[in-house]
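Chemist: First the structure, then my questions, so here it is.
The values are calculated or read from the model by the stated rules, or taken from the named source; none is laboratory data. Note that this is a predicted model, so its numbers are computed, not measured. Methodologically, a virtual Cβ is constructed for each residue, glycine included, from the backbone with ideal geometry; neighbour enumeration extends over all protein chains shown. Ligands, DNA and RNA are stripped out before the accessible areas are found, and what is left, the full protein with its side chains, is counted by its heavy atoms. Shrake-Rupley method; radii C 1.70, N 1.55, O 1.52, S 1.80 Å.
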Number of protein chains: 2
Amino acid sequence: MTPRAGSSAVEVVGWSPAGGLRVLDQRQLPGRVEYRALATIAEVRDAIATLTVRGAPAIGVAAAMGLAGCSRDLALDALARDAAELRAARPTAVNLGWALDRVLDAARHADERVRREAMLRAAMRIRDDDVAMCRAIGEHGVALLRDGMRVLTHCNAGALATAGIGTALAPVYVAQERGLAVEVLACETRPLLQGARLTAWELTQAGIPVTVLTDGMAASLMAAGRVDLVIVGADRIARNGDVANKIGSYGLAVLAKHHGVPFVVAAPWSTMDLTSPDGGAIPIEARDPAEVTHLAGTRVAADGAAAYNPAFDVTPHTLIHRIITDRGVHAPPFFLAPDAGALPPPA
Amino acid sequence: MTPRAGSSAVEVVGWSPAGGLRVLDQRQLPGRVEYRALATIAEVRDAIATLTVRGAPAIGVAAAMGLAGCSRDLALDALARDAAELRAARPTAVNLGWALDRVLDAARHADERVRREAMLRAAMRIRDDDVAMCRAIGEHGVALLRDGMRVLTHCNAGALATAGIGTALAPVYVAQERGLAVEVLACETRPLLQGARLTAWELTQAGIPVTVLTDGMAASLMAAGRVDLVIVGADRIARNGDVANKIGSYGLAVLAKHHGVPFVVAAPWSTMDLTSPDGGAIPIEARDPAEVTHLAGTRVAADGAAAYNPAFDVTPHTLIHRIITDRGVHAPPFFLAPDAGALPPPA
């Protein structure tokens, strides 16, 4: 996978009139590159809930294409029910709902005979916008990178999480295009190991050096002066700049602050939730404790032990050095007004 | 396993004249409780290197019993070579070497005809001292616990890591004896999951409530006010109180400081390395990267991705609230003089 011209050579989510909707089954990576066809709303919902397709932007694209392509009944109330079912698949990522609203809006403005075409056009536009958004994040964010930098990231906010070159990894791909040597340190990201399985895979495919570490190793690498910058993605950003992202991100932000390492968030502007004044308002998905107590189907934690499994944590804006969006590189104070137009100028 | 009178109902390391040396194979827990007989120095070394037996105090006991029981040639120079082989099995734990020195010392003071008996007596004394040491840590450390506390720990510094009721977990066992309700939060501790596999197992066996979390979840639990105290063990403590312990401990110490949660280390006095002025002098074992890139024999990180795997990190004394040893609960400033007698009075 060599990302070029703002798009990725691996199709994470795809639609064709003949083949319908298909998604890359990310649960099988890095062992197998396998696609899964999704024919019904229930199948799309399950693919999102089981992390067959994951990453906030990719979820938005898949849900949009799913609603546009897999809905059986195109009456507006039936579409609203289908959208609600998809929306409930994962509660934290805000652009899941945002993408569905865009497709519903297209449906509302189209006569029922041409409604599916209008919805599909809206979904394709979301995908194309996502490709452009990734590219913009990369072009803006590359200003933070210098030759020889070692960038630590968490989970996967790369090409596999989007329709384009990713969010957190977009500046790294653009840096590569510009001939800068950037090395990525990938936290493996338990419980589901998206760092080891996905980030390491897409970066090695692109020829970018990557080293995997367990989540508990980041602190000692920072103490040794071996991390120059932390970049993570975001599933939802509150109006004050608080960021919900994969569990473990908040701890990395605290560690980064302690060691004087800049902590940067990269996400599309559609990740912004103008209805949440701060991180306390963001719902955090609790996933099945078996993801923690079991590995590859085998129980590793003793019978009788309980387990926590929140999918996300919230990093307060006070720990965030910059937020990169498709609109620019934003410095604190973040997003003072609910009106996006009041955004402070990029740093 | 109900720890009573300072000893554990599970025998982690055992010796009998008829059966020789046997160790509980901790790699098989929690799935199977299986013992492994060790007949030669090479087998003892391998059992330590592969973490069949692990935990700094338990390693010391196993090495002492191994040298005393499995050496073929009782000439002093041959014993010194056997001891060197065992010492090299793991470089960080200081009481591995300390225990071997005690057995070698017993050998030096005994005529060759009664040398094995003298060495075995020394090894048994190390085991008995370890049982008493754990009990003393528990009795001293319980002063830091109160009814209803939620204690976060990392890796396994419990009964399975010692011949007795553990180090970090000893105060928890003593609290239970005294009728205090203490809940343990066990970081799973990647890569080898000693928290999920061992700490959760021994605590559920003892009827103590335990909840497993991935290493990246600790920060958000602290932010939510759900952690009252962190207690970890130590593989080596430098003269200024810097502590080498399982990778991830240092990050927890930084997080604890940020959240105002006391960070406490519990270890036998034999863990003290008076020859290391500070943590920078402690050798850190680098283990096989495959422990990180593979799970249950299956590669999870992409081919071509590198991996870090330091077994330990160093927590500077400035982040440590108390150090519990068998001599008492020590408050900063730690261990001002190389002479143990100059230890400041316990807090």
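Chemist: Using the alpha-carbon atoms, what tilt in degrees (0 to 90, nearest 10) does helix B:115-141 show relative to the longest principal axis of chain B?
Modeler: On a 0 to 90 degree scale, this one is about 10.
Chemist: Hey, another quick one. State, to one decimal in nm, how far the label point of B:Arg113 lies from the label point of A:Leu180, with both points 7 Å from Cα in the Cβ direction.
Modeler: 7.9
Chemist: Here is a further query. How big is the Rg/Rh ratio for chain B, C-alpha atoms only, Rh by Kirkwood, two decimals? Before the final figure, lay out each step's value.
Modeler: Working: Rg = 19.3 Å, Rh = 20.2 Å.
With Rh from the inverse mean 1/r over Cα pairs, Rg/Rh is 0.96.
Chemist: How many angstrom lie between the C-alpha centres of the stretch B:190-231 and the stretch B:251-285?
Modeler: Between the Cα centres of the stretch B:190-231 and the stretch B:251-285 lies a distance of 19 Å.
Chemist: What nm distances, shortest first, do you get from the label point of A:Pro17 to those in the other copies when the point sits 7 angstrom along Cα to Cβ?
Modeler: 9.1
Chemist: Let me ask something else about it. If one computes the Cα centroid of the stretch A:139-171 and of the stretch B:94-167, what distance in Å separates the two points?
Modeler: That distance is 49 Å.
Chemist: On to the next question. What's the magnitude of the charge dipole for the protein assembly as shown around its Cα centre, counting Lys and Arg as +1 and Asp and Glu as -1 at the beta-carbon? Answer in Debye, nearest 20.
Modeler: Dipole magnitude for the protein assembly as shown comes out near 180 debye.
Chemist: Which of A:Ala301, A:Gly279, A:Val314 sits closest to the plus end of the dipole of the stretch A:278-320, meaning its Cα is farthest towards the positive end, when Lys and Arg get +1 and Asp and Glu get -1 on the C-beta?
Modeler: A:Ala301
Chemist: Sort the stretch B:138-193 into rounded, prolate or oblate with this rule: let a ≥ b ≥ c be the square roots of the eigenvalues of the Cα gyration tensor; rounded if a/c is under 1.5, and if a/c is not under 1.5, prolate when a/b is larger than b/c, oblate otherwise.
Modeler: Oblate is the answer for the stretch B:138-193, as a/c is 1.5 or above yet b/c matches or exceeds a/b.
Chemist: Just the number, please: percent antiparallel of the DSSP beta bridges in chain B, rounded to the nearest 5.
Modeler: Counting DSSP beta bridges with both partners in chain B, the antiparallel share is about 55 percent.
Chemist: Peptide A:292-298: average number of partner chain Cβ atoms within 10 Å per residue?
Modeler: Details: counts 7, 4, 1, 7, 5, 1, 3.
Counting other chains' Cβ atoms within 10 Å and averaging over A:292-298 gives 4.
Chemist: Rg to Rh ratio, the stretch A:281-338, alpha-carbon atoms and Kirkwood radius?
Modeler: 1.22
Chemist: Is it possible to state the helix-based mean residue ellipticity at 222 nm for chain B, with each DSSP H run of 4+ residues giving -39500 (n - 2.57), the sum divided by total residues, to the nearest 500 deg cm²/dmol? What is it?
Modeler: It lands at -10000 deg cm²/dmol.
Chemist: Over chain B, with a Gaussian network built from C-alpha contacts below 10 Å, which listed residue (B:Val53, B:Val254, B:Val243) shows the highest mean-square fluctuation?
Modeler: In the Gaussian network model the winner is B:Val254.
Chemist: Each label point is 7 Å from the Cα along the Cα-to-Cβ direction; what then is the distance between the points at A:Asn240 and B:Asp101, in nm?
Modeler: So the two model labels end up 5.5 nm from each other.
Chemist: Under a point spin-label approximation (7 Å from Cα along Cα-to-Cβ), what is the A:Ala88-B:Glu11 distance to one decimal in nm?
Modeler: Roughly 5.7 nm, to one decimal.
Chemist: Rounded, prolate or oblate for the stretch B:76-133? Axes are the square roots of the Cα gyration tensor eigenvalues, ordered a ≥ b ≥ c, and the cut-off for rounded is a/c under 1.5. Don't skip to the answer; put the middle values down first.
Modeler: Details: a/c = 2.84, a/b = 1.14, b/c = 2.49.
Cα axes put the stretch B:76-133 in the oblate bin.
Chemist: Using a 1.4 Å probe, how large is the accessible area of A:Thr293, given in Å² and rounded to the nearest 10?
Modeler: The value for A:Thr293 is about 10 Å².
Chemist: Got a sec? Charge dipole of the stretch A:1-160, +1 on Cβ for Lys and Arg, -1 for Asp and Glu; which of A:Ala132, A:Thr40, A:Val103 is way out at the positive end?
Modeler: In the stretch A:1-160, that residue is A:Ala132.
Chemist: Between B:Thr275 and A:Arg150, how high is the FRET efficiency from 1/(1 + (r/R0)^6) when r is the Cβ-Cβ distance and R₀ = 45 Å? Nearest 0.05. Walk me through the numbers on the way to the answer.
Modeler: Values: r = 33 Å, r/R0 = 0.74.
Here the calculated transfer efficiency is 0.85.
Chemist: What part of the accessible area of chain B, given as a whole %, is carbon or sulfur when the probe is 1.4 angstrom?
Modeler: 52
Chemist: While we're here: At R0 = 22 Å, how high is the FRET efficiency between A:Ala18 and A:Arg81 if r is their beta carbon distance? Nearest 0.05 is fine.
Modeler: 0.20
Chemist: If you don't mind, there's one more thing I want to ask. Taking B:Gly225 in one copy and the same position in all the others, each labelled 7 Å out along Cα→Cβ, what are the pairwise distances from the first, in nm, shortest first?
Modeler: Those label-point separations list as 4.1 nm.
Chemist: About the Cα centre, and with charges only on the beta carbon of Lys, Arg (+1) and Asp, Glu (-1), how big is the dipole of the stretch A:92-229? Nearest 20 debye, please.
Modeler: 160
Chemist: Quick one: of the DSSP bridges fully inside the protein assembly as shown, what percent are antiparallel, nearest 5?
Modeler: If we restrict to bridges inside the protein assembly as shown, about 50 percent are antiparallel.
Chemist: Sticking with this structure for a sec: If you put a point 7 Å past Cα along the Cβ direction, how far is that point for A:Gly179 from the same point in each other copy, in nm, smallest first?
Modeler: 7.7
Chemist: Can you tell me the convex hull volume per residue for the stretch A:1-99, based on C-alpha atoms, in Å³ to the nearest whole number?
Modeler: Values: hull volume 10.5 nm³, N = 99.
Hull volume normalised by residue count: 106 Å³.
Chemist: Let's see if you can work this out: charge +1 on each Lys and Arg Cβ, -1 on each Asp and Glu Cβ, no other charges. What is the dipole magnitude of the stretch B:197-326 about its Cα centre, in debye to the nearest 20?
Modeler: Computed about the Cα centre, the dipole is about 260 debye.
Chemist: Now for a different question. In peptide B:247-260, what is the residue-averaged number of other protein chain Cβ atoms found within 10 Å of each Cβ?
Modeler: Counting Cβ atoms of other protein chains within 10 Å of each residue's Cβ and averaging gives 5.
Chemist: With the alpha-carbon atoms as the only input, what is the per residue convex hull volume for the stretch B:194-339 in Å³?
Modeler: Working: hull volume 20.5 nm³, N = 146.
Expressed per residue, the convex hull around the Cα atoms of the stretch B:194-339 is 141 Å³.
Chemist: A further question follows. Could you work out the local net charge near B:Arg125, counting Lys and Arg as +1, Asp and Glu as -1, over the other residues with Cβ closer than 14 Å to its Cβ?
Modeler: -3
Chemist: Is the shape of the protein assembly as shown rounded, prolate or oblate, going by the alpha carbon gyration tensor and its root eigenvalues a ≥ b ≥ c, with a/c under 1.5 for rounded and a/b larger than b/c for prolate? Display every interim value, and only then the final one.
Modeler: Working: a/c = 2.26, a/b = 2.13, b/c = 1.06.
Because a/c hits 1.5 or more and a/b exceeds b/c, the protein assembly as shown counts as prolate.
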